[in-house]
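To start, the structure itself, in structure tokens.
The values are calculated or read from the model by the stated rules, or taken from the named source; none is laboratory data. Keep in mind that this is a model prediction, so the values were computed, not measured. Reconstructed Cβ throughout: ideal geometry from the backbone, glycine too, with neighbour counts over all protein chains shown.
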Amino acid sequence: MILIHVLPRDLGEFFDIVSPAVEGLHLPVDVRQVLLQQVFDNANLKDPEVLVWLGQRLHPLLPNLTDEHVAPLFNIVRHRDCNTSQETVALLNSILPSLSNGTQAAVQYQIIISLRGIHLVIISSGVKYLKSTPLRCYRNNSFFMFLRQSFLNFTFPKLTNFLSLIPPQREYELLNTMHPSELGTFLRKPEVVDNKTKLCTIFRNYKETPEFLETENLPDDVKRPVLPCVWPLVLATDDKAEVDRWFDNRLRNYLKPEISTSFNVKKRLTVCCGFDSVYLLGSKLTFNGSAIIQDDMYSTIKNYLNTRSSAAPKCYSPTDPNLNSTAWFLNYIGVFITFVTIEDFNTFGSESTLQLFAVNPVNIELFNFAGAPQNLTKCFTELIFLQNSNFLPLQ
């Protein structure tokens with residue numbers, strides 16, 4: 001072949017003649033491969049000569065690039081300045097329709113490797129080791145937009161690779177550079193969630209989660225794993241109005257039975273307002289077809305309200321304005337009153353305190369109309385008379 005007569009120092013001049021001549025021609029793949037391999041093996045690819053190769057000489061040889069030549073091409077620019085690296089991706093992006101699926105996947109992989117900043121270092125003694133300088137081209141803009149510019153029209157990374165590009169110590173910083181609409185765009189990409197548990201990494205760090213849930217709509221198959229990730233935020237809420245915002249606005253589209261079928265409500269409850277949200281959840285859901293079944297939820301409520309050896313009911317304090325309501329049965333049992341047994345009832349607090357609750361009209365209405373067990377209603381009626389002997393009995 002003619003190339004055996006071209007010295008390495010003359011390859012630049014050779015391709016200055018050949019590349020314009022073959023521009024637009026349909027060169028056989030094996031010819032392109034031979035020409036490219038000669039460049040990778042023998043050409044002067046040092047700065048600033050490398051820019052001439054990328055900008056002019058290599059361009060006609062890259063259509064129908066094979067996957068085996070992707071790594072050598074990226075090796076040329078891996079340690080160059082960021083503009084040179086990005087120009088290489090842009091060059092490949094311009095011929096993307098000519099690239100096979102395998103080549104496109106190889107390009108995506110090389111972009112990921114470049115972003116991770118992993119490269120081989122050989123010191124004078126011959127010892128080799130891997131060095132990592134991740135995200136060296138990131139400039140404190142939106143991390144999502146940075147990745148879009150890095151991948152252009154090549155396949156955007158799925159969730160696992162997306163998070164792998166972020167150094168663990170920078171998760172909070174980089175995830176919070178994204179606007180809720182950008183995070184929504186990412187999570188709406190087809191099959192982007194390849195590891196459901198990784199979603200919680202995002203929402204554990206993302207401070208705009210409430211706004212995101214209110215403004216961004218996700219596919220049902222993504223909503224399902226999102227729900228258990230954001231549930232701890234609900235339980236950590238100690239403001240009643242904020243709890244209402246969670247259920248009326250943020251989680252409205254996440255608590256439908258077709259979404260919540262895989263969600264386990266048996267979570268550890270730490271504050272009464274968060275516990276109250278479990279009751280709110282029960283009052284706002286229809287349970288047909290849902291794994292959040294009523295007896296499962298009641299079991300959570302019962303276990304939390306059990307006072308064990310204490311006589312004071314949980315979630316009640318006459319001196320706390322947030323917990324001094326005697327509408328206790330309505331607030332914390334509500335629609336689950338039909339599941340309460342006498343044995344359960346006796347674990348909710350001392351008789352003297354439960355008497356205070358018994359005379360509250362909303363609690364009376366609950367027992368009177370919610371279909372509470374007859375023996376429980378009888379016990380409740382006795383408490384009413386213990387507190388106020390002149391009180392009218394339940395009908």
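When Phe336, Phe385 are checked against the criterion of being outside the structural domain of Leu251 (by TED's automatic domain parsing) and either modelled with pLDDT of 90 or more or among the basic types (Lys, Arg) (or both), Phe385 stands alone in meeting it. In segment 52-70, the residue that is modelled with the highest pLDDT out of those that are of a type outside the set (Val, Ile, Thr) and surrounded by fewer than 16 Cβ atoms within 10 Å (Cβ to Cβ) is Glu68. Would you check which residues across segment 162-185 are under 13 Å from the mean Cα position of the chain (by Cα) and buried (at least 19 other Cβ atoms within 10 Å of the Cβ) and list them? Result: Phe162, Leu175, Met178, Leu183. Quick check: is even one residue across segment 357-364 at pLDDT below 90 and surrounded by 15 or more Cβ atoms within 10 Å (Cβ to Cβ)? Looking through segment 357-364, none of the residues is at pLDDT below 90 and surrounded by 15 or more Cβ atoms within 10 Å (Cβ to Cβ). Screening Gln33 on (1) surrounded by 13 or more Cβ atoms within 10 Å (Cβ to Cβ); (2) over 21 Å from Ala71 (Cα atoms); (3) within 47 Å of the chain's Cα centre (by Cα); (4) not small (Gly, Ala, Ser) shows it passes everything except condition (2). Checked against (1) touching a helix residue (DSSP H, G or I) at 6+ places or on another chain (Cβ under 6 Å); (2) over 21 Å from Asn303 (Cβ atoms), Ala372 meets all criteria but (2).
Return yes when Gly349 is surrounded by fewer than 18 Cβ atoms within 10 Å (Cβ to Cβ), on the phi > 0 side of the Ramachandran plot and assigned to a loop (DSSP other than H, G, I, E, B) and no when it is not. Answer is no for this residue. Quick check on segment 104-119. Is at least one of its residues at pLDDT 85 or above, within 18 Å of Leu35 (Cβ to Cβ) and crowded, with 19+ Cβ neighbours inside 10 Å? Taking every residue of segment 104-119 in turn, none turns out to be at pLDDT 85 or above, within 18 Å of Leu35 (Cβ to Cβ) and crowded, with 19+ Cβ neighbours inside 10 Å. Give segment 315-341 a look and list any residue that's touching a Pro at 6+ places or on another chain (Cβ under 8 Å) and assigned to a helix (DSSP H, G or I), or say none. Selection gives Trp328, Thr338. Kindly provide the set of residues from segment 297-314 that are assigned to a loop (DSSP other than H, G, I, E, B) and either among the hydrophobic types (A, V, I, L, M, F, W, C) or in contact with a Phe, Trp or Tyr (Cβ under 9 Å, 6 or more places away or on another chain) (or both), ordered by number. If the condition is that a residue be assigned to a loop (DSSP other than H, G, I, E, B) and either among the hydrophobic types (A, V, I, L, M, F, W, C) or in contact with a Phe, Trp or Tyr (Cβ under 9 Å, 6 or more places away or on another chain) (or both), then Asn306, Thr307, Ala311, Ala312, Pro313, Lys314 are the ones that fit.
Might you check whether a residue that is in a loop (DSSP other than H, G, I, E, B), at negative phi and hydroxyl-bearing (Ser, Thr, Tyr) occurs anywhere in segment 58-81? Checking segment 58-81: at least one residue is in a loop (DSSP other than H, G, I, E, B), at negative phi and hydroxyl-bearing (Ser, Thr, Tyr).
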